[in-house]
Amino acid sequence: MIRLIAFVLSLLLTFSWVNPVWAEVGSMGNSTNPDIIKQIGEWANAAFDATENGRFAQAEKLWTQILEKNPENAAVWSNRGNSRVSQNKLAEALTDYDEAIKLAPNVTDPYLNRGTALEGLGRWEEAIADYNHVLELDPKDAMAYNNRGNAKAGLGRWQEAIADYQKCTEIAPNFAFARANYALALYEIGQKTEAIHELKKIVRKYPKFADVRAALTAALWVDGEQGEAESNWVAAFGLDTRYKDLNWVRNIRRWPPSMVAALDKFLKLK
């Protein structure tokens, strides 16, 4: 059985702005050789360390070495898929997730991870199908609701996305990414006052959340609150310089069009 671990990558990557679900390497397959078991454990620890430090190519190599010794471990296939997603090798990642699902069809992690890769390819409906399957297996999987909301947002189905974000935060009230996505979706459907209020609440609890700081910058600037907008921008840019790149914000972070337009206005006047 794959057991989830709390593994945060400091917002280094992800197409849906949630980190891929990493899994511990449990069973060593049919091997009883203590030297092989020890080596696999060392490689797995090194792979997690490489991932935590952004060395995704090295992590991929280590997972590949483990698979050569232990090809029946679904967690390893899923983790190698994550390392490939981190390098934008999405098609290759899909093959890894497919193999993980074949080996562990009733485990949610590979479906979640495959969904994020499908989102990165713009295959929204297929991603939604994966998230729906996760929710069939575990109706209280908060991440599946958040991710499904992101995929629906990719299709412009904002009201449905909002419902998913709300369900996610109902299950996991401290899931800050879902709360941020909810606020952005509110802004997109014209509920700008409510969106700003929600963004401010998130910042009070998570003052170093760059995404929310940047969103507040854009929303407040358009709302005529230039001083407060500037203050939030100093914080946002100090935490993550990528928000100056509209292409990244639009296509990788995938902000809604209205929020991208608001940030564009701020950056042009800057």
(message) Which condition from (1) surrounded by 15 or more Cβ atoms within 10 Å (Cβ to Cβ); (2) modelled with pLDDT under 55; (3) in contact with a helix residue (DSSP H, G or I) (Cβ under 7 Å, 6 or more places away or on another chain) is the one that residue 13 breaks?
(response) (3)
(request) Take the residues in the stretch 243-255 that are farther than 10 Å from residue 214 by Cα and more than 16 Å from the chain's Cα centre (by Cα), then tell me which one is surrounded by the fewest Cβ atoms within 10 Å (Cβ to Cβ). (result) 247
(request) Check residue 131 against each of (1) touching a residue at least 24 places away in the same chain (Cβ under 8 Å); (2) hydroxyl-bearing (Ser, Thr, Tyr); (3) closer than 28 Å to residue 249 by Cβ and name the one condition it does not meet. (result) (1)
(request) Within the stretch 237-252, identify whether any single residue is part of a helix (DSSP H, G or I) and modelled with pLDDT under 95, and answer yes or no. (result) yes
(message) Please verify whether residue 198 is part of a helix (DSSP H, G or I), modelled with pLDDT of 95 or more, buried (at least 17 other Cβ atoms within 10 Å of the Cβ) and not assigned by TED's automatic domain parsing to the domain that holds residue 81, treating the condition exactly as stated.
(response) yes
(request) Working only within the stretch 65-79, note down all residues that are out of contact with any strand residue (DSSP E or B) (no Cβ under 9 Å at 6 or more places or on another chain) and over 11 Å from residue 99 (Cα atoms). (result) 65, 66, 67, 68, 69, 70
(message) Being closer than 15 Å to residue 253 by Cα and either of a type outside the set (Gly, Ala, Ser) or in contact (Cβ under 8 Å) with a residue 40 or more places away in the chain (or both): is that true of residue 181 here?
(response) yes
(message) Conditions first: (1) in a loop (DSSP other than H, G, I, E, B); (2) in the same structural domain as residue 124 (by TED's automatic domain parsing). Residue 224 passes all but one, so which condition is the exception?
(response) (2)
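Residue-wise test of (1) part of a loop (DSSP other than H, G, I, E, B); (2) modelled with pLDDT under 50; (3) surrounded by 14 or more Cβ atoms within 10 Å (Cβ to Cβ).
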residue: 6; (1), (2), (3): yes, yes, no
residue: 19; (1), (2), (3): yes, no, yes
residue: 25; (1), (2), (3): yes, no, yes
residue: 41; (1), (2), (3): no, no, no
residue: 48; (1), (2), (3): no, no, yes
residue: 77; (1), (2), (3): no, no, yes
residue: 81; (1), (2), (3): no, no, yes
(message) Restricting to the stretch 86-119, name every residue that is within 27 Å of residue 250 (Cα to Cα), surrounded by fewer than 20 Cβ atoms within 10 Å (Cβ to Cβ) and touching a helix residue (DSSP H, G or I) at 6+ places or on another chain (Cβ under 6 Å).
(response) 87, 90, 92
(message) Of everything in the stretch 98-113, what is under 16 Å from the mean Cα position of the chain (by Cα) and either within 19 Å of residue 65 (Cβ to Cβ) or assigned to a helix (DSSP H, G or I) (or both)? Give them in sequence order.
(response) 109, 110, 111, 112, 113
(request) Answer yes if at least one residue in the stretch 186-194 is farther than 18 Å from residue 257 by Cβ, surrounded by 18 or more Cβ atoms within 10 Å (Cβ to Cβ) and not aromatic (Phe, Trp, Tyr), and no otherwise. (result) no
(request) Report, by residue number, each residue of the stretch 136-157 that is in a helix (DSSP H, G or I) and either surrounded by fewer than 18 Cβ atoms within 10 Å (Cβ to Cβ) or modelled with pLDDT under 95 (or both). (result) 136, 137
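The values are calculated or read from the model by the stated rules, or taken from the named source; none is laboratory data. Only a predicted model underlies this, so the values are computations on that prediction, with no experimental measurement involved. Heads up, the Cβs are rebuilt from the backbone with ideal geometry, glycines too, and the neighbour counts pull from every protein chain shown.
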